[in-house]
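Enquirer: The structure follows.
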Amino acid sequence: MPESHTTDKQKIPDGLLPIRTVASLTGVNPVTLRAWERRYKLVMPHRTPKGHRLYSRENVELIKQILELLDQGIAISQVKPLLEQTPAEVAAAPAAEPGEVWRGYQQSMLGAIESFDERALDDVYNEALSLYPVDVVSQRLISPILRILGEHWKDSDTGIAQEHFFSVFLRNKLGSRMSHINQRSTGPLLLLACVPGESHELGLLLFSLAIASYGYRTLLLGANTPLQQLPAVIDRRSCAGVVLSCTSRPSRGVLENDLPELVNKVAEPVFVGGGYATRSRKKIEEAGAIFLGETLGGSLTRVNETLSRQS
């Protein structure tokens, strides 16, 4: 039975938090928290008489330390020895070699893509997600695979087919996960869309799945969405904020005219991220929107902190 509905909040001792609350605070889903406990003895929560997990504030701080190491590319299997070292030992020790675990995942995933083996591809993705937060998986595994496929599609007689195969896999996988999450979650709703002229929606899908780890629901409109229609959408579905993806050059006048008009018409904060957004930060901020930054992790933090202050 899921732990999210089995612990009566009135019976939780002061200072302890149920697993779903910890997942929302840290972005680490309950499945991953349980795996860290069972397989690596990393975060050991208190248990109720019925076996439900309750986490202390010290547990939450420990999870944040673990996330910092994972963001550096450290394998989850190498985290516990690093946490047990004193600050002096950490300073004196040679730097851990990051990235090896991710190179292994990437090689396995590329092998499955080259063989057009959806089951093997799914196995690699699910294993990574069971041990690492979704934003780390997206940053360390999915984004590099997309880049590799985009750079080397000419090197293979099936390069374009491989790229399409992986893109369809991701859309189906992420879409299914988001549908499941949105049906179960009761958190704030975010409106997600690609700006006019933006046809690449995979980055927005990855963001959608990652922000769901913090308890948000998402209303995903996808590629090439007219910004003029978003205020009417918000009138019909109350949203906590708007997140726009701008990875390539948008249509003429979008950042100069359409974006400021949108910001003026809606009361909710408007966030803009993506590769082209990074090059156009000044225009975005002059329009009154919030620039999300260059990394997925940083974007998630910016959205969550901004909306938490307003709640």
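The values are calculated or read from the model by the stated rules, or taken from the named source; none is laboratory data. Since the structure is predicted, the reported quantities are computational estimates derived from the model, not experimental observations. Cβ coordinates were reconstructed from backbone atoms using ideal geometry, including for glycine residues, and neighbour counts include every protein chain displayed.
Enquirer: If only one of Gly215, Gly298 is closer than 16 Å to Ser143 by Cβ and either touching a strand residue (DSSP E or B) at 6+ places or on another chain (Cβ under 8 Å) or not assigned by TED's automatic domain parsing to the domain that holds Ser143 (or both), which one is it?
Expert: Result of the check over Gly215, Gly298: Gly298.
Enquirer: Out of all the residues in the range 262-282, which are of a type in the set (D, E, K, R) and either buried (at least 18 other Cβ atoms within 10 Å of the Cβ) or outside the structural domain of Leu230 (by TED's automatic domain parsing) (or both)?
Expert: The answer is Glu268, and nothing else.
Enquirer: Return yes or no: is Arg236 surrounded by fewer than 16 Cβ atoms within 10 Å (Cβ to Cβ), in contact with a helix residue (DSSP H, G or I) (Cβ under 9 Å, 6 or more places away or on another chain) and more than 27 Å from Glu68 (Cα to Cα)?
Expert: In short, no.
Enquirer: In this structure, does Leu296 turn out to be touching a residue at least 24 places away in the same chain (Cβ under 8 Å), under 29 Å from Gly150 (Cα atoms) and out of contact with any helix residue (DSSP H, G or I) (no Cβ under 7 Å at 6 or more places or on another chain)?
Expert: no
Enquirer: Can you tell me which residue is surrounded by the most Cβ atoms within 10 Å (Cβ to Cβ) among those in the range 182-227 that are of a type outside the set (A, V, I, L, M, F, W, C) and part of a strand (DSSP E or B)?
Expert: Thr218
Enquirer: Here is a follow-up. Among the candidates Leu300, Leu259, single out the residue that is at pLDDT 95 or above and surrounded by 18 or more Cβ atoms within 10 Å (Cβ to Cβ).
Expert: Every option except Leu259 fails the conditions.
Enquirer: So how many residues does the range 299-311 have that are more than 16 Å from Cys239 (Cβ to Cβ) and either touching a residue at least 60 places away in the same chain (Cβ under 8 Å) or among the acidic types (Asp, Glu) (or both)?
Expert: 3
Enquirer: Pull up the range 1-38, narrow it to residues that are part of a helix (DSSP H, G or I) and among the acidic types (Asp, Glu), then point me to the one that is modelled with the lowest pLDDT.
Expert: Result: Glu3.
Enquirer: Can you name the helices (runs of 4 or more DSSP H) wholly within the range 39-112 that have at least 2 residues being at pLDDT 90 or above?
Expert: By residue number, 57-71, 79-84.
Enquirer: Suppose the filter is closer than 30 Å to Arg20 by Cβ, touching a Leu at 6+ places or on another chain (Cβ under 6 Å) and at pLDDT 90 or above; does Tyr125 pass it?
Expert: Taking the combined requirement at face value, the residue does not satisfy it.
Enquirer: OK, next. Name the one entry in Trp153, Trp102 that is more than 18 Å from Ser77 (Cβ to Cβ), in contact with a Gly (Cβ under 7 Å, 6 or more places away or on another chain) and of a type outside the set (Asp, Glu).
Expert: Among Trp153, Trp102, only Trp153 is more than 18 Å from Ser77 (Cβ to Cβ), in contact with a Gly (Cβ under 7 Å, 6 or more places away or on another chain) and of a type outside the set (Asp, Glu).
Enquirer: Taking Glu285, is it over 23 Å from Ser143 (Cβ atoms), in a helix (DSSP H, G or I) and either assigned by TED's automatic domain parsing to the domain that holds Arg249 or without any contact (Cβ under 8 Å) to a residue 60 or more places away in the chain (or both)?
Expert: Considered against the rule, which asks whether it is over 23 Å from Ser143 (Cβ atoms), in a helix (DSSP H, G or I) and either assigned by TED's automatic domain parsing to the domain that holds Arg249 or without any contact (Cβ under 8 Å) to a residue 60 or more places away in the chain (or both), Glu285 comes out as yes.
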